[in-house]
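S.K.: One structure coming up, written as structure tokens, with questions to follow.
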Amino acid sequence: MKILACNFKNKLTLPEINNYIKELPDLNIPSLELILIPSLPYLSEFMELPYSLGTQDISSFMDKTITGEITGEQLKSLNVSYVMVGHSERRLYKNEINIDFINKINHAKENDLKVIYCIGESLEAKENGDTYMVLEKQISEVLNNVNIKDIIIAYEPVWAIGSGKTPTKEEISETVEFIKDIIEEKYDTRIKVLYGGSINVDNIEVINKIKNLDGFLVGGACLDSNNVKAMLLKLML
Ligand code: PGA
């Protein structure tokens, strides 16, 4: 089943969210899973919709009382089924590191939540030819310490996020294969890999032709529900 995961980041106000929900396509396509990942305060607005619901964060502390945090139990009660962990903006601006990702993934799994673990190289790493080394490190330093079951990888080159630039179809294809192969080698399981970074209505169809790619994690282009509909239709082709 192909996945379209929509990362709203910190965008849209409550009235905008309500409009968005009204305009959401009424498309229930059995071969596609739409995962909506709004900001935390809006999760309850989405909980009755016939789509999967994801969250952009979960507390790294499982059993502590902490102001401002959200627990797996609370997320479960909001019908959330996916937790996004390791997004490059959280690595960069919130200084999140491997131990945070490990704790967050373990917390999610303790509550039967699936995980979308985001990895990706910086422009500097790409230019130095270090992409695979960086990805392997991001994978093993975190996944060696968690249960790999129900983890999806989102491959998002940092330089492609919000920039209008994407790797070539061939580069994405090779990298997806690399990720799947090393995970199979290390953990004896074949997992799903999504691509993210400047995906839009115009380029999704071509990139979707990549064999072995299981779907997309989309930011900016998902903020318009018409684009979501257009992208879903293109994924059906
Ligand atoms: P973008 O963001 O689609 O706006 O590049 C993707 C993401 O950050 O998940």
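S.K.: Less than 10 Å Cβ to Cβ from S173, Lys/Arg counted +1 and Asp/Glu -1: what total charge do the surrounding residues give?
M.R.: In short, -1.
S.K.: What net charge is computed for the residues neighbouring K186, neighbours being all others with C-beta under 13 Å from the C-beta of K186, Lys and Arg scored +1, Asp and Glu -1?
M.R.: Counting the neighbours of K186, the net charge comes to -3.
S.K.: Would you mind telling me which residue in Y82, Y93, Y51 has the biggest mean-square fluctuation in a Gaussian network model of the chain, where springs connect alpha carbons within a distance under 10 angstrom?
M.R.: Result: Y93 has the largest fluctuation of those listed.
S.K.: Please work through the chain and write down the cysteines that have no neighbouring cysteine Cβ at a distance under 4.7 Å.
M.R.: That list is C118.
S.K.: Name the residue, out of V134, V85, V206, whose mean-square fluctuation peaks in a Gaussian network model built on the chain with Cα pairs under 10 Å.
M.R.: Checking each option, the largest mean-square fluctuation is seen for V206.
S.K.: Given the pairs K11/K109; K9/K169; K22/K211; K76/K169; K76/K126, which span a C-alpha to C-alpha distance of over 32 angstrom in this model?
M.R.: Where the Cα-Cα span goes over 32 Å, the pairs concerned are K22/K211; K76/K169; K76/K126.
S.K.: Taking Cα centroids, how far is the range 109-150 from the range 31-54 in Å?
M.R.: When both Cα centres are located, 24 Å separates them.
S.K.: How many percent of the accessible area of the range 2-235 is carbon or sulfur, using a 1.4 Å probe?
M.R.: 47 percent
S.K.: Pairs of alpha-carbon atoms within less than 8 angstrom and 6+ residues apart define the contacts here; what relative contact order does the range 2-235 have, in percent?
M.R.: Relative contact order, the range 2-235: 21 percent.
S.K.: Let me ask another. State the percent of C-alpha pairs, over all pairs in the chain, separated by a distance greater than 30 angstrom.
M.R.: Counting pairs separated by more than 30 Å, the tail of P(r) holds 20 percent.
S.K.: Between D188 and K64, what's the calculated FRET efficiency when r is the beta-carbon distance and R0 is 35 Å? Round to 0.05.
M.R.: Plugging the Cβ-Cβ distance into 1/(1 + (r/R0)^6) gives 0.55.
S.K.: Rounded to the nearest 20 Debye, what is the dipole magnitude of the range 1-151 about its Cα centre when Lys and Arg each give +1 and Asp and Glu each give -1 at the C-beta?
M.R.: 40 debye
S.K.: Where nothing but the Cβ of Lys and Arg (+1) and of Asp and Glu (-1) is charged, how large is the charge dipole of the range 96-237 around its Cα centre, in debye to the nearest 20?
M.R.: Roughly 520 debye for the range 96-237.
S.K.: Return P(r) of the range 168-224 (all Cα-Cα pairs; 5 Å bins starting at 0; whole %; ordered from short to long distances).
M.R.: In whole percents, the pair-distance histogram is 4, 19, 28, 21, 14, 9, 5, 1.
S.K.: With Cβ to Cβ distances under 12 Å as the rule, what net charge do the other residues near H107 carry (K, R +1; D, E -1)?
M.R.: Combined, the nearby Lys, Arg, Asp and Glu give -3.
S.K.: Using a 7 Å offset from the Cα along the Cα-to-Cβ direction at both L123 and N226, what is the distance between the two label points in nm, to one decimal?
M.R.: That separation, rounded to one decimal, is 3.1 nm.
S.K.: So if I take the alpha carbon set of the range 83-158, get Rg, then get Rh from the Kirkwood formula, what is the Rg over Rh ratio?
M.R.: 0.97
S.K.: Work out the FRET efficiency for D112 and K169 from their Cβ-Cβ distance, taking R0 = 22 Å, and round it to the nearest 0.05.
M.R.: So, using R0 = 22 Å, E works out to roughly 0.05.
S.K.: Of the trypsin sites (Lys or Arg not before Pro) in the range 96-181, which ones lie in a loop per DSSP and count no more than 16 other C-beta atoms within 10 Å?
M.R.: Here the sparse-neighbourhood loop sites are K149, K165.
S.K.: A further question follows. Say R0 is 25 Å: what FRET efficiency, to the nearest 0.05, do K11 and D181 get from their beta-carbon distance?
M.R.: 0.10
S.K.: For the chain, with every protein chain kept in place, what is the accessible area per residue (1.4 Å probe, Å²)?
M.R.: Solvent-accessible surface per residue comes out at 48 Å².
S.K.: Shifting gears a bit: Of G197, Y51, I179, which is farthest towards the positive pole of the chain's charge dipole, taken about the Cα centre with +1 and -1 on the beta-carbons of Lys, Arg and Asp, Glu respectively?
M.R.: Going by the Cα projections, it comes out as Y51.
S.K.: Follow-up question, since we're still on this one. Could you identify which residue out of Q74, Q138, Q56 has the top mean-square fluctuation in a GNM of the chain using Cα springs shorter than 10 Å?
M.R.: Q74
The values are calculated or read from the model by the stated rules, or taken from the named source; none is laboratory data. This one's a predicted model, so the numbers in the text were calculated from it and none came from an experiment. When we count neighbours, we look across all protein chains shown, and the Cβ atoms used for this are built from the backbone with ideal geometry, even at glycine. The area values use the complete protein model at the heavy-atom level, side chains included, leaving out ligands, DNA and RNA. Shrake-Rupley method; radii C 1.70, N 1.55, O 1.52, S 1.80 Å.
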